[in-house]
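Comments concern the structure below.
The values are calculated or read from the model by the stated rules, or taken from the named source; none is laboratory data. Predicted, not measured: the structure shown is a model, and the values here were computed from it. Positions of Cβ are generated from backbone atoms using ideal geometry, with glycine treated the same way; all protein chains shown enter the neighbour counts.
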Amino acid sequence: MFNVYLIGNGYVCDYITSLGSKKYKYIGLCRSQKNNCDKNIQVDILKDTSKLKGLINEDSYVVYLVPPQQSGAIDQVINNFLKHIQRREHIKKIIYISTSGVYGDKNDKEVDENSSLQPLTDRAKRRVSAEKQVIESNLNYTILRVPGIYGYGRLPINRIKQRLPLINLDICRHTNLIHAKDLAKIIVSSIENKNTINKVINVSDGSAIKSTQYYLHIYDALKKPYPEFIDYEAAEKLYDEKRKSFIKESRKLDTSLMNKIFPDIIEYKDVREGIKQSLKKE
């Protein structure tokens, strides 16, 4: 039984541990105290470097899910992690959970893993920095470029309740999604999969969707009337900065490599089914 360190033991890790794999002992690291893993360690990677030094002392896998800090062009968090982890020979592989935002705006065009990286936001630039640090770490790695994650507790329910206007469907551009359970299954399947070693892989549910259509599916599932529809000019005045950064980017992820390595792994290919499952406990 191998140890699997879940660095950034948050939302997706709850799905990982709920899959019930008995092949691994999960050790979760998080700034807050949690009890979802076989062992849980409370640590701040930027501050508690002493806890990192003796952390890994036997053959283990690392799943890294910590987002970068809020400012700067370099991801200092993963830099600190890679710098202070000792006995790196015990790390059989690091699986880094990145974002499809590293591609930037492709104007609704399809992108594969060889497409150019043109991040528009500082947030995405820090992700490019993190990917580079992982690749140059001399560790075996897998980088998963992940789009919008949804699932139980991760639907935009407050936005629905506020009935915030949506971009007109006919002019709205595409986004990509993945259900948290499907992402968790891909992560676990990546751990010992030799076909993922030193690979960058796009992951999604396999179908691009207009962001407005995603919201409309949620309205339909909740049996709520639709809100007002607006154009991009009006959205620029109404939306907050984070939301505006999302609507300025569009792309369609090519998941051919994912499908080759993990055939039939996606359970929620239809986002409407994923939304329905996500609402069961809402």
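Of note:
- Answer residue from the stretch 35-50, given it is surrounded by 15 or more Cβ atoms within 10 Å (Cβ to Cβ) and modelled with pLDDT of 85 or more and is nearest to Val134 (Cα to Cα) among those: Ile45
- The stretch 74-97, residues that are part of a helix (DSSP H, G or I), in contact (Cβ under 8 Å) with a residue 24 or more places away in the chain and within 23 Å of Tyr24 (Cβ to Cβ): Ile78, Phe81, Leu82, Arg88, His90
- Residue among Lys161, Lys132 that is free of Cβ contacts under 8 Å to residues at least 40 places away in the same chain, among the basic types (Lys, Arg), farther than 21 Å from Val200 by Cβ and surrounded by fewer than 20 Cβ atoms within 10 Å (Cβ to Cβ): Lys161
- Screening Ser71 with (1) under 22 Å from Asn176 (Cα atoms); (2) in a loop (DSSP other than H, G, I, E, B); (3) not acidic (Asp, Glu) gives one miss only, at (1).
- Residue list for the stretch 196-214, filter: in contact with a Lys or Arg (Cβ under 8 Å, 6 or more places away or on another chain), within 30 Å of Ile91 (Cα to Cα) and surrounded by fewer than 21 Cβ atoms within 10 Å (Cβ to Cβ): Ile197, Val200
- Of the residues making up the stretch 124-150, just one is of a type in the set (A, V, I, L, M, F, W, C), assigned to a helix (DSSP H, G or I) and touching a strand residue (DSSP E or B) at 6+ places or on another chain (Cβ under 6 Å), namely Val134.
- For the stretch 164-195, the candidate set comprises residues that are of a type in the set (Lys, Arg) and closer than 30 Å to Lys92 by Cβ; within that set, the residue that is surrounded by the fewest Cβ atoms within 10 Å (Cβ to Cβ) is Lys194.
- Only a single item in (1) surrounded by 15 or more Cβ atoms within 10 Å (Cβ to Cβ); (2) modelled with pLDDT under 90; (3) within 18 Å of Glu192 (Cβ to Cβ); (4) hydrophobic (A, V, I, L, M, F, W, C) is not met by Ile85, and it is number (3).
- Within the stretch 165-196, tally of residues that are part of a loop (DSSP other than H, G, I, E, B) and in contact with a helix residue (DSSP H, G or I) (Cβ under 9 Å, 6 or more places away or on another chain): 8
- Leading residue by the ranking (modelled with the lowest pLDDT) among those in the stretch 54-64 that are closer than 20 Å to Gln33 by Cα, outside any strand (DSSP E or B) and out of contact with any helix residue (DSSP H, G or I) (no Cβ under 6 Å at 6 or more places or on another chain): Gly54
- Helices (runs of 4 or more DSSP H) within the stretch 205-260 that include 2 or more residues closer than 18 Å to Ser278 by Cα: 211-222
- Here Lys280 meets each of (1) under 18 Å from Ser204 (Cα atoms); (2) assigned to a loop (DSSP other than H, G, I, E, B); (3) not small (Gly, Ala, Ser) with one exception, condition (1).
- Residues (buried (at least 17 other Cβ atoms within 10 Å of the Cβ) and hydrophobic (A, V, I, L, M, F, W, C)) located in the stretch 73-82: Val77, Ile78, Phe81, Leu82
- Single unsatisfied condition, Glu249 versus (1) charged (D, E, K, R); (2) within 17 Å of the chain's Cα centre (by Cα); (3) surrounded by fewer than 17 Cβ atoms within 10 Å (Cβ to Cβ): (3)
- Selection status of Ile95, buried (at least 21 other Cβ atoms within 10 Å of the Cβ), within 22 Å of Tyr150 (Cα to Cα) and of a type in the set (A, V, I, L, M, F, W, C): yes
- Of the strands (runs of 3 or more DSSP E) entirely within the stretch 1-46, none holds at least 1 residues that are free of Cβ contacts under 8 Å to residues at least 12 places away in the same chain.
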